[in-house]
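The values are calculated or read from the model by the stated rules, or taken from the named source; none is laboratory data. These numbers were taken from a predicted model, which means no experiment stands behind them. Virtual Cβ from ideal backbone geometry, glycine too; neighbours counted across all protein chains shown. Accessible surface is based on the protein model in full, side chains and every heavy atom, while ligands, DNA and RNA are left aside. Shrake-Rupley method; radii C 1.70, N 1.55, O 1.52, S 1.80 Å.
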Amino acid sequence: TGGAGFIGSALIRFLINETSHNVLNVDKLTYAGNLDSLKCIEKNPRYQFRQVDICNDVALTDAFNAFEPNVVMHLAAESHVDRSIDGPAAFIETNIVGTYNLLEVTRRYWAQLPEKSKASFRFHHISTDEVYGDLDNTLDLFTEDTPYDPSSPYSASKASSDHLVRAWHRTFGLPVLITNCSNNYGPYHFPEKLIPLIILNALEGKPLPVYGTGAQIRDWLYVEDHAQGIDLVINKGRIGENYNIGGNNEWANIDIVKTIAKLIEQEFVKNSELSIRFPSAKAAIEQNTESLITYVNDRPGYDRRYAIDETKTNNELGYKPKDSFDTAIAKTVQWYLNNEAWWKSVMDGSYQNWIASQYE
Ligand code: NAD
Ligand code: TYD
């Protein structure tokens, strides 16, 4: 579910390109869902798409019966903290009620499977490290045993869905796995989140908005490493367990913003054609791109630091990110420079309205 979103589309590209699985992508196509992110695999005979809301049990049941999955990977969610502060209702509906509905449809389908298929079936719930609340600037890390303490309507709705998934395992025996990952970044990221927003604002010579002082810390995980991690958990994870997946890569927001500004400047030096395509960025670079940084109001209930201890995932499953942050963030910036048509098409009227109300 949620295969037209940022992480879901990376996972489907991975499953189609790197494995022999058949994939049914079940997605409602909200503002965050974009089938253009799957163009490179959409004609593959092992891929199918159905536009379904996970709150609709009839349509979901129909999809289960038609496709007969042996694994469910649940990524459909409302996922943006700022939007959850602006309007929590959709988060309660999709993340809590939708997950409940998906669990019930899955349970009915799983219960009637032959014993062998029942035993090998898996329900994998993709969740966030934000369920653990936040950390101060110590050396503390979130482990799988850190008590849940969510701060925002988004993280509270995800915590709630994690509890439901665990309850369906304890009560009904559904073979579940849960992963809690840190902030993802990479290609096809919707440009309301920090990294793509900063890249695209810099290209357009617009202010680079930093909440508060920019001292808040996030652990950044390359989305393609995450996709590979999810596959490992499905293949090797122990039923009923949760696994943290992180990047082992903590950055203060302000340093991420400055890093992106520098990378864009380097790309413009390497390629003179960029100055013609993005004249506003060229003008900003002449002034020093960092001068675009603008400090704006803190988020209410703002989490200071997220950082993941992934010892369990590394030791038990042999998980190891492939790319270093330096190479993956450079690849990400280059991807946005080379894929203007993708990001131009998602920055439609509703996107412009959101940006206007958020940064007014
Ligand atoms: P996203 O917002 O980019 O994509 C979500 C997808 O879910 C979209 O394609 C959307 O159309 C679909 N969707 C939303 N509501 C739906 C519904 N009712 N029925 C069916 N489909 C629906 O999100 P993402 O960044 O790809 O995140 C995927 C999952 O990973 C989410 O569960 C999120 O909580 C979790 N997560 C994300 C991050 C991150 O950094 N992006 C970090 C930790 C955890
Ligand atoms: P975001 O990408 O929205 O992810 P999350 O809220 O799930 O961590 O934000 C990452 C960090 O960047 C977070 O601390 C908020 C901050 N931020 C800004 O400083 N400016 C912005 O314009 C945005 C969108 C986020």
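Structure notes:
- Principal semi-axes in Å for the chain [√(5λ), Cα gyration tensor, largest first]: 35, 22, 19
- Values of log10 I(q)/I(0), in the order q = 0.11 Å⁻¹, for the stretch 112-242 under a Debye, Cα-only, solvent-free model: -0.52
- When a 1.4 Å probe is rolled over the protein heavy atoms, the share of accessible surface on the stretch 272-312 that falls to carbon and sulfur comes to 49 percent.
- Solvent-accessible area per residue, Å², over the stretch 239-280 with all protein chains present [probe radius 1.4 Å]: 47 Å²
- Probe 1.4 Å, accessible area per residue of the stretch 77-177, Å²: 43 Å²
- For the stretch 45-52, 3J(HN,Hα) computed residue by residue from phi via the Karplus equation (6.51, -1.76, 1.60; θ = phi - 60°) reads x, 8, 10, 9, 10, 10, 7, 9 Hz, glycine and proline entered as x.
- The value given for the stretch 195-286 is a Kirkwood hydrodynamic radius of 15.6 Å, derived from the mean inverse Cα-Cα separation.
- Across the chain, Cα pairs under 8 Å and at least six residues apart give a relative contact order of 18 percent.
- When DSSP beta bridges are restricted to pairs lying wholly in the chain, around 10% turn out antiparallel.
- Computed over the Cα atoms of the stretch 80-183, pair by distinct pair, the Kirkwood hydrodynamic radius stands at 14.9 angstrom.
- Accessible surface of the stretch 212-257, 1.4 Å probe: 43 percent of it comes from carbon and sulfur atoms.
- Residues whose placed amide H lies under 5 Å from that of Val176, excluding near-sequence neighbours: Phe123, Gly240
- Eligible aspartates and glutamates near Lys158 by straight Cα distance, threshold 14 Å, same-chain separation 8 or greater: Glu78, Glu93, Asp129, Glu130, Asp149
- Plainly put, the stretch 189-343 has a radius of gyration that is 1.03 times its Kirkwood radius, both from alpha-carbon atoms, as the Rg/Rh ratio.
- Distant-in-sequence amide H partners of Thr128 (H built 1.01 Å from N, under 5 Å): Cys181
- Over the C-alpha trace of the stretch 206-255, radius of gyration and Dmax come out as 15.5, 48 angstrom.
- Cα pair distances exceeding 18 angstrom across the stretch 162-205, given as percent: 53 percent
- Environment charge of Ala328, counting only residues whose C-beta is closer than 12 Å and scoring Lys/Arg +1, Asp/Glu -1: -2
- In Hz, Karplus ³J(HN,Hα) per residue of the stretch 247-256 (6.51, -1.76, 1.60; θ = phi - 60°; x = Gly, Pro): x, 6, 7, 8, 9, 6, 3, 4, 6, 5
- For Lys331, a cut-off of 23 angstrom between C-alpha atoms picks up these lysines, skipping any fewer than 8 places away in its own chain: Lys39, Lys193, Lys206, Lys258, Lys262, Lys270, Lys282, Lys320, Lys322, Lys344.
- Cα gyration tensor category, rounded, prolate or oblate, for the stretch 293-354 with a/c compared to 1.5: oblate
- Fraction of accessible area attributable to carbon and sulfur, the stretch 36-111 (%, probe 1.4 Å): 49 percent
- Over the stretch 119-159 - Rg/Rh using Cα atoms and the Kirkwood inverse-distance radius: 1.10
- Sorting 227-235, 69-77, 283-291, 174-182 by average packing, meaning the other beta carbons within 10 Å per residue, from highest down gives 174-182, 69-77, 227-235, 283-291.
- Taken one residue at a time, the phi angles of the stretch 122-128 give Karplus couplings (6.51, -1.76, 1.60, θ = phi - 60°) of 9, 10, 10, 9, 9, 10, 10 Hz. Gly and Pro are set to x.
- Separation of alpha-carbon centers, the stretch 293-346 and the stretch 73-94, rounded to whole Å: 19 Å
- Values of log10 I(q)/I(0), in the order q = 0.16, 0.20, 0.24 Å⁻¹, for the stretch 36-132 under a Debye, Cα-only, solvent-free model: -0.83, -1.13, -1.31
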